[in-house]
Structure formats: C-alpha cells, structure tokens
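The values are calculated or read from the model by the stated rules, or taken from the named source; none is laboratory data. Computed from a prediction, not measured in an experiment: that's the story for all the values here. Positions of Cβ are backbone-derived with ideal geometry, glycine not excepted, and every protein chain shown enters the neighbour counts.
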Amino acid sequence: MRKIGLALKIWMAMLALVVLVLGLSAVLQSSLIARIYLKQQSDRLLESGSSFARDVNLNDQAEVEANVYALASALSASVMAVDSKGAVISWSGRHGMGRGAMLGRMRGGGPGIPVETADLEEVLSGETIVRKGVSRFFGADVLLVAIPVKKAESIAGAVIIQSPMAPIEANVKAIEQAVLYSLLLGLAAATLLAFVFSRRVTGPILKINSVARSMAEGNFGQKINFRSGNELGVLAESINTLSGQLKEKISTIEEMDSTRRGFVANISHELRTPLTIIQGYTEALMDGIARDDQQKEKYLLNIYSETMRLSRLVNDVLDLRRLETGQISMNTGETDIADLIKAVADQYGGVVSGSEIRVLAGVTGERLTALVDPDRIRQVIINLVDNAVRYSPAGGTVEIKGEGLAGKIKVSVSDQGPGVAEKDRGLIWERFYKTSDSRLEREYSGSGLGLSIAKEIIERHGGAIGVESRPGEGSEFWFTVKRT
C-alpha cells in the first residue's frame with residue numbers, strides 16, 4: 001500500500017480544516033442572516049404600523065381608506081383598520097386579493113376577517129403583536145403585525161398588517177445562495193492556497209532529506225540553499241553545519257588513518273634495519289665466523305650500537321605517543337633558559353667524541369626566564385643539537401644561542417652542515433622524515449622522531465618552532481617560548 005506523502009497530508013488537513021470552518025460559518029451565517037432579515041422586516045412593518053396608528057383618525061372614513069391603501073401599497077402587504085368592536089373600517093390587500101374579494105368572502109359566509117379571534121382580542125386589549133405563522137384565511141405563511149390605535153388613553157381600534165412570507169423567504173434564500181457561492185469560492189481558494197503552502201513547507205524538508213541521504217552516502221558537498229528565520233531555516237542551517245563538521249571530521253579521520261598506516265610502515269622499516277643487523281652479527285657469532293677476539297668484540301659493539309638505536313627509537317615513539325595523547329603532563333615552573341643552554345653544552349663536553357665537532361653555548365649572561373617544563377625544554381634543545389651534530393662535518397661547530405625578544409625568548413641551534421632544501425623545510429617535522437642528504441653511514445643514526453617530538457613539546461608550551469637554512473651554508477633551528 002502506497003504511503004501518503006507529507007505534502008498531501010498537509011494539504012488534506014488544511015482543506016478539511018477550511019471546509020469545517022467555512023461550513024460552520026456558512027450555516028451560522030445563513031441562520032443569523034435569516035433572523036436578521038426577518039427582524040428587519042418585522043421592524044419595518046412595526047414602524048410603519050405604529051406611524052399609521054399614531055396619526056390616523058378612525059372616525060374619518062375617507063382618510064382611513066386613503067392611508068390604508070397607501071400603506072398597503074408601500075409595504076406590499078395586507079393592511080386592515082378595525083374599530084374598537086373589531087369591525088372592519090377599511091382594508092386593502094397587495095398580495096393577491098383586492099378589497100372587493102375580501103369583503104365578498106366576509107359577507108358570503110367565508111371564514112371572516114383574516115385575523116385569528118385571539119389575536120384580534122389581544123390587540124384590542126392594548127397589546128402589540130408581532131408573529132409569524134400560517135394564515136387560514138390566506139392559506140399561506142404570513143408575518144403579522146397588529147398595533148392598537150389609542151385615543152385619549154382608550155383603545156379606538158387597531159391596524160393589522162399581514163405581509164406574505166414568500167417574498168421574504170425568497171430574499172433569504174437568495175442570501176443563502178450568495179453565502180453558498182462564497183463558501184465554494186472560499187473552498188477553491190483554500191484548496192489552491194493549501195496546496196501552495198504544503199509545497200512551501202515540504203519543499204525544504206525534501207531538500208533536507210536529499211542532503212541527509214547524500215551525507216549518509218558519504219557526499220558532504222551538497223548544501224541546503226534555504227534562508228528563513230523559522231524552524232526549517234534553523235534546521236537547514238544546522239544540517240549545513242553538521243555536513244561541514246562531518247566532512248572535516250572524516251577528513252581528519254582519513255588523515256589520521258593515513259598517518260597511522262604511514263607510521264606503521266615507517267616504524268616497521270626503522271625496526272627492520274637494526275634487527276637485521278643484530279640478527280646478522282648474532283648468527284655470525286653463533287656460526288663462529290669471527291676469527292679472533294678483536295673481530296668478536298667488533299661484532300658485539302655493532303650489536304650493542306643497534307640495540308641502543310632500537311632503544312632510542314622505542315623511547316622516542318613512546319614519548320611522541322604520550323605527548324600527542326596528553327599522557328605526559330608539563331611540570332611547569334619559572335626556569336632560566338640560559339642555564340639549560342649551558343647545561344646541554346656542558347653535557348657534550350665541548351667536543352663530541354670521535355667527530356671533533358664542537359658544541360658551544362652563546363648566552364649574554366642575562367636571565368632568560370620563562371614558565372616552562374625544564375626537563376622537556378632541555379629535551380628539545382638536546383634533540384636539536386643531536387640533529388645538528390648528525391649533519392655537521394667533522395671539525396665543525398654547533399652553537400646554541402639564547403636571546404630575549406619582545407615578550408619572548410628565542411633559542412637557536414646552528415650548524416655548518418649541508419643545509420635543508422626549501423622543499424624539505426615543511427616536511428622535516430614529520431615522523432621518520434629524512435632528507436635525501438641524510439648521512440645514514442654515520443655510526444650514530446637518529447630515529448627520525450627527534451624533530452617531531454621537539455615540535456610537540458614546544459606547541460604544548462604555546463610556542464613556535466622553525467628552521468632557517470641555505471643549502472651548503474648550514475641550518476639554524478629555533479624555537480620561542482613566552483617570557484615571564
């Protein structure tokens with residue numbers, strides 16, 4: 001069974017509501033209009049009859065007849081004047097019977113005057129009568145108005161007006177038809193307006209549904225072009241915002257997944273090399289390939305060197321992971337960066353063993369205080385120095401400088417190595433990234449994570465890190481932290 005759409009439901013609901021309201025309104029209006037029109041006619045007859053009763057002289061036959069005739073003509077009704085005994089003084093009819101016919105019926109043994117005896121007695125007792133009913137005399141519905149004629153505080157007679165209901169009912173029916181036509185016209189207009197409104201309401205909803213389905217299929221490029229201050233406009237804006245946020249989050253997840261895969265591939269590669277070397281030398285020792293103690297010692301030293309390389313790699317990976325996940329808290333305190341620079345330079349003993357590379361501290365003696373974690377900032381300086389030493393030629397110099405700037409402290413580590421190509425400067429901070437000029441033949445080989453760790457630590461301190469280099473002229477790695 002096919003489901004009814006939202007637009008059709010709204011249209012049907014609105015149409016039913018309009019039909020109900022207009023239908024009730026039409027019924028109430030028709031009834032109200034009929035009562036109002038009947039009252040207007042009653043008031044008209046009553047006003048005319050009252051004026052006649054107030055001004056007529058029942059003792060003047062000619063005047064009475066003239067006034068009766070004029071009133072009957074004006075009202076298109078039957079008008080009769082009677083004396084205090086109920087005898088007819090004058091009568092004139094304007095709804096199908098003339099005076100002669102009337103008098104003939106009364107004298108020929110007919111039903112008598114066209115007024116019920118009770119009504120005649122009531123009006124001659126001084127009561128004004130307004131009544132609608134069936135006249136036995138005329139054989140039709142009439143509107144009867146009977147008004148007593150008072151002279152000198154006594155009842156001199158009465159004027160009786162009977163207007164046929166047929167013309168009144170015809171006018172009421174015409175009014176009811178007009179109301180019916182208005183109802184039909186209102187229904188037609190309501191049908192059109194309900195259809196337009198339902199489309200305006202469901203149009204944005206259908207668009208929102210389409211965009212939501214596209215989002216479910218992984219397409220976040222569509223937007224809902226609907227501007228309105230109502231709830232649908234707010235919903236459309238929320239969907240657009242959700243789409244953008246989901247797109248960003250999915251891109252981030254994809255990037256993280258790509259990074260994870262790259263990380264696994266890189267760490268696997270970095271682990272494979274030392275493990276292969278360790279395995280090779282170990283098998284050589286087990287197979288007795290080493291000819292003497294000196295060669296055995298050489299094999300063992302190589303195994304130890306690669307083992308230390310593995311240890312550094314594992315420690316660096318763990319450090320980087322803990323930094324990224326916030327598992328390492330920064331134990332910050334007011335620290336003199338100049339002292340850290342001197343301590344690192346002293347750690348290398350002035351000259352790096354076996355390479356004749358000198359590590360110098362360049363500080364002016366001023367206090368370079370900052371609110372930092374001293375152990376982590378020292379780790380950054382060491383990582384930058386290790387990197388500089390690794391790329392410096394034998395006999396070269398690595399200098400660590402510290403200087404105070406406007407609200408900041410800048411620490412730089414410069415070397416005399418081959419420099420960093422411009423295309424590599426944005427990539428050297430990535431994990432395991434090594435330039436094409438990396439001197440892998442050195443006995444000391446880095447893990448490829450030192451710069452990544454340094455970048456994470458400095459960013460955790462709210463600082464910045466970068467490099468300035470010209471190929472063939474060395475490099476200067478620097479970082480800044482806020483000065484206290």
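Checked against (1) among the small types (Gly, Ala, Ser); (2) crowded, with 18+ Cβ neighbours inside 10 Å; (3) not in a helix (DSSP H, G or I), ALA388 passes all but condition (3).
Can you pull out every residue in the range 360-378 that is modelled with pLDDT under 90 and not charged (D, E, K, R)? Scanning the range 360-378 gives GLY362, VAL363, THR364, GLY365. The sole residue among SER182, SER198, SER210, SER214 that is over 30 Å from SER30 (Cα atoms), in contact (Cβ under 8 Å) with a residue 24 or more places away in the chain and either not assigned by TED's automatic domain parsing to the domain that holds LEU242 or not hydrophobic (A, V, I, L, M, F, W, C) (or both) is SER198.
Screening the range 424-438 for residues that are assigned to a loop (DSSP other than H, G, I, E, B) and more than 45 Å from the chain's Cα centre (by Cα) and picking the one that is modelled with the lowest pLDDT gives SER438.
Residue-level analysis places VAL389 among those that are in contact (Cβ under 8 Å) with a residue 12 or more places away in the chain, hydrophobic (A, V, I, L, M, F, W, C) and farther than 19 Å from GLU459 by Cα. Candidates are the residues of the range 313-340 that are of a type in the set (D, E, K, R) and crowded, with 17+ Cβ neighbours inside 10 Å; the one that is modelled with the highest pLDDT is ASP336. Within the range 185-197, the set of residues being surrounded by 14 or more Cβ atoms within 10 Å (Cβ to Cβ) and either modelled with pLDDT under 75 or more than 16 Å from MET12 (Cβ to Cβ) (or both) comprises GLY186 only. The numbered conditions (1) part of a helix (DSSP H, G or I); (2) closer than 30 Å to SER50 by Cβ; (3) modelled with pLDDT of 80 or more are all true for TYR181 except (2). If you go through the range 356-371 and keep only what is in a strand (DSSP E or B) and of a type in the set (S, T, N, Q), you end up with just THR369. Mind checking whether some residue in the range 137-150 is farther than 22 Å from VAL79 by Cβ and in contact with a helix residue (DSSP H, G or I) (Cβ under 8 Å, 6 or more places away or on another chain)? Scanning the range 137-150 turns up no residue that is farther than 22 Å from VAL79 by Cβ and in contact with a helix residue (DSSP H, G or I) (Cβ under 8 Å, 6 or more places away or on another chain). Please enumerate the residues belonging to the range 341-351 that are at pLDDT 85 or above and surrounded by 12 or more Cβ atoms within 10 Å (Cβ to Cβ). Within the range 341-351, ILE341, LYS342, ALA343, VAL344, ALA345 qualify. Of the residues that make up the range 144-151, is at least one more than 30 Å from ALA13 (Cβ to Cβ), out of contact with any Lys or Arg (no Cβ under 7 Å at 6 or more places or on another chain) and at pLDDT below 80? There is no residue in the range 144-151 that is more than 30 Å from ALA13 (Cβ to Cβ), out of contact with any Lys or Arg (no Cβ under 7 Å at 6 or more places or on another chain) and at pLDDT below 80.
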